[in-house]
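Here's the structure, in structure tokens; my notes come after.
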Ligand SMILES: Nc1nc2c(c(=O)[nH]1)N[C@H]1C(S)=C(S)[C@@H](COP(=O)(O)OP(=O)(O)OC[C@H]3O[C@@H](n4cnc5c(=O)[nH]c(N)nc54)[C@H](O)[C@@H]3O)O[C@H]1N2
Ligand SMILES: Nc1nc2c(c(=O)[nH]1)N[C@H]1C(S)=C(S)[C@@H](COP(=O)(O)OP(=O)(O)OC[C@H]3O[C@@H](n4cnc5c(=O)[nH]c(N)nc54)[C@H](O)[C@@H]3O)O[C@H]1N2
Ligand code: SF4
Ligand SMILES: [Mo]
């Protein structure tokens, strides 16, 4: 038999925390995956993968993969059998539950995988406890709160509906890096004549997609949106019937007229001409779509920013129509029923952005054990050293991961997790409406899926019967909007998902009308002389949050700054990047296309390599939704 005949192709999908949820064809030869390919039959994936998943086989077959559980003995993590590790976990958690109550156990789950089966692990902890869980959302909490306040619900028009737009504003969004499968849809829309604007304080590849780039001060977007709104009113670009679907239209109009366009523009640090150009592009011809990025709402005024953008869509009649929308989130769990997950409300919640601080402060009962599923809070949550102090001082910390992350290094027990190419799961997407299955293409000896780990634990604490079913039975139970058989055959568009969100401009609020914001939010504080730059640790093509592929570089992180903000450091020089919280060594990179008040570094660097921006970033909350204001840390460059 030729090698070609011996090879198989398995259809699966990417379960990473990414809007695109790509279909993958995994080529397997002799039990080993040799190539990952984007599924050409998937309407969004269109046959290509992003750089980081193209390179994923380096992670899959990395010598750094964990293949045996580790237990801390005499201070060091040492190999153990699965039975030893699970027995220890079951014994310890049961004892703590008896002595201190289930609230003394904190199950922290993050977005390492967006597979729905991770909810079954939540279900276990609810059954066993309920235990303490997280509150808020580091990723999109502020924007979620905004859209729920305005629309009563969250969803987006079909991704391909974008080609009906006459104008598209990419507001705080970097599609090349964070959602590359949006690019072919944008290209199609442009081919059909759509004009594109980018609003982003950072100059990135998205500038090349746009006929207009507005570069406001970070967080200046509320002022910018108010200036645009006032211009839309003045030029007759608002919808004459807007009061039919908007509550508080008069109050909103008064709010945006509280200052002149020139004053708002000054606050946003843009020219009046830029405001007018944006108002013309967005307002002159309907329908027009705003694609709201996720980065922008991780700010002190992040929720207010999204509310201001919702308002632009509402007053112009662009929400609830084809080719329009203010799209932040596609309801990725819309085809699933996970209501069984919580058997009872959790006894306590801890704020995710304040992870370390809240664990340390919790009393009555104190947090005695932390179980981390698919998360790397030390590297990925702000104030890394608070997370370290919190974990180091717990009696028992379990980390389930496929590699020894900054967080896993602090564990009492590390359990080796299966990767996305070994999991058995089902996913929806937050950037489109397709459903897909995740298949165990291969297995790695010693690694287990979260569900298998849950089963092992459940059997040891008297819940074995409840978790005896195979993964497929849980998938079938959760997937209520489509048939699992169908989804196993091919990607299926969630039949429940609307083509046009809030069609007919009917909203899920108490009045059925959308709510316009009425309060002036606090303006972003100007940068101070002592720390003149705002640190932005932003997504980079080579990593998925803290998961780097092919591998995380050992070199110092590059800090990209405007040459005049480089504090005299030459391009390529080493310097200290200091905040009020701490310091890290960086290589200075000059970039004249950037604003003078930002320092750009990659997101996801590890503390062990001295590349972790969160080690010098204070934990701050967003204005609503308990998100993290991650990009508000004032920093400066100084000599080593
Ligand atoms: N390559 C890669 N892709 C990723 C990830 C990754 O780590 N690497 N992470 C994934 C995750 S976790 C998520 S949540 C998603 C989204 O991931 P995000 O990284 O949130 O991506 P974007 O939505 O593109 O948002 C980033 C953009 O927001 C802009 N921004 C920041 N502050 C402001 C502001 O005040 N105003 C305006 N107008 N813009 C601002 C930044 O300059 C940047 O261009 O993508 C995923 N995709
Ligand atoms: N400074 C700064 N910090 C940020 C951001 C930023 O832009 N700037 N972005 C924020 C955002 S948007 C997000 S969403 C968070 C992401 O933060 P996290 O969700 O904590 O980050 P990840 O690195 O995606 O995933 C964590 C771990 O999950 C593991 N993992 C993957 N799949 C599985 C699985 O199936 N099971 C188990 N048990 N483990 C698995 C990975 O190996 C990885 O180590 O970070 C936030 N932190
Ligand atoms: S990380 Fe995102 S873009 Fe890359 S393969 Fe996965 S879903 Fe697709
Ligand atoms: Mo995220």
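What follows draws every value from the coordinates through simple rules; no lab data is involved. Not measured: the values here are computed from a predicted model. A quick note on method: Cβ atoms are made from the backbone with ideal geometry, for glycine too, and the neighbour counts reach across all protein chains shown.
Numerical summary
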{"read-out": "Order of 444, 419 - criterion: other Cβ atoms within 10 Å of each residue's Cβ, fewest first", "value": "444, 419"}
{"read-out": "Rounded to 5, percent antiparallel among DSSP beta bridges of the chain", "value": "45 percent"}
{"read-out": "Peptide ranges 536-542, 408-414, 568-574 listed from the most packed, as the mean C-beta count within 10 angstrom indicates", "value": "408-414, 536-542, 568-574"}
{"read-out": "By average C-beta atoms within 10 angstrom, highest first, the peptides 297-306, 173-182", "value": "297-306, 173-182"}
{"read-out": "Relative intensity, log₁₀ I(q)/I(0), of the range 533-638 from a Debye sum that treats every alpha carbon as a point, q = 0.17, 0.19, 0.21 Å⁻¹", "value": "-0.76, -0.94, -1.12"}
{"read-out": "Cβ-based exposure ranking for 626, 503, in which fewest neighbours within 10 Å come first", "value": "503, 626"}
{"read-out": "The chain: angle of helix 221-234 to the longest principal axis, Cα-based, in degrees nearest 10", "value": "40 degrees"}
{"read-out": "Cα gyration tensor of the range 480-522 - equivalent ellipsoid semi-axes, whole Å, descending", "value": "36, 13, 9"}
{"read-out": "The range 463-582, relative contact order [Cα under 8 Å, separation at least 6], %", "value": "8 percent"}
{"read-out": "Residue order, fewest to most beta carbons within 10 Å, for 488, 280", "value": "488, 280"}
{"read-out": "For the chain, the spread of Cα positions along each principal axis, largest first, Å", "value": "71, 59, 58"}
{"read-out": "Average Cα contact separation per residue, the chain, under 8 Å, 6 or more apart, as relative contact order %", "value": "21 percent"}
{"read-out": "For peptides 504-510, 267-273, 327-333, sequence by mean Cβ density within 10 Å, most packed first", "value": "327-333, 267-273, 504-510"}
